[in-house]
Amino acid sequence: MPKQSPLNLDFTRIWQGGVDHFSDASKPPLGSGARFAALKAKIAKKGGVRDPGAVAAAIGRKKYGAKKFQALAAKGKKGA
């Protein structure tokens, strides 16, 4: 069994109530297409899916709603 590395926790982002666990600072901005591409790659890597892009799109529609997801898709396509 490989040796596990210790947790690499970053406590530099602190807010008044404690550690900010909900920050999206490390993620690419919405509408850039980078989040979609990362999710698509993650799904493809797992395997067992014929069209990982379709699965990623379904997840995005469920998370953001059809209207907002379509606007993000158009923004990402325009930037590409």
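Yes/no matrix, rows are residues, columns are (1) of a type outside the set (A, V, I, L, M); (2) modelled with pLDDT of 90 or more:
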site	(1), (2)
7	no, no
15	yes, no
19	no, no
30	no, no
33	yes, no
41	no, yes
56	no, yes
65	yes, yes
71	no, yes
Which pairs have Cβ atoms under 9 Å, sit 6 or more apart or on different chains, and link a residue in the range 45-56 that is farther than 17 Å from residue 69 by Cβ to one that is modelled with pLDDT of 90 or more?
-> 45/52; 46/52; 49/43; 49/55
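The values are calculated or read from the model by the stated rules, or taken from the named source; none is laboratory data. A quick note: this is a predicted structure, and the numbers were derived from the prediction, not measured. A quick note on method: Cβ atoms are made from the backbone with ideal geometry, for glycine too, and the neighbour counts reach across all protein chains shown.
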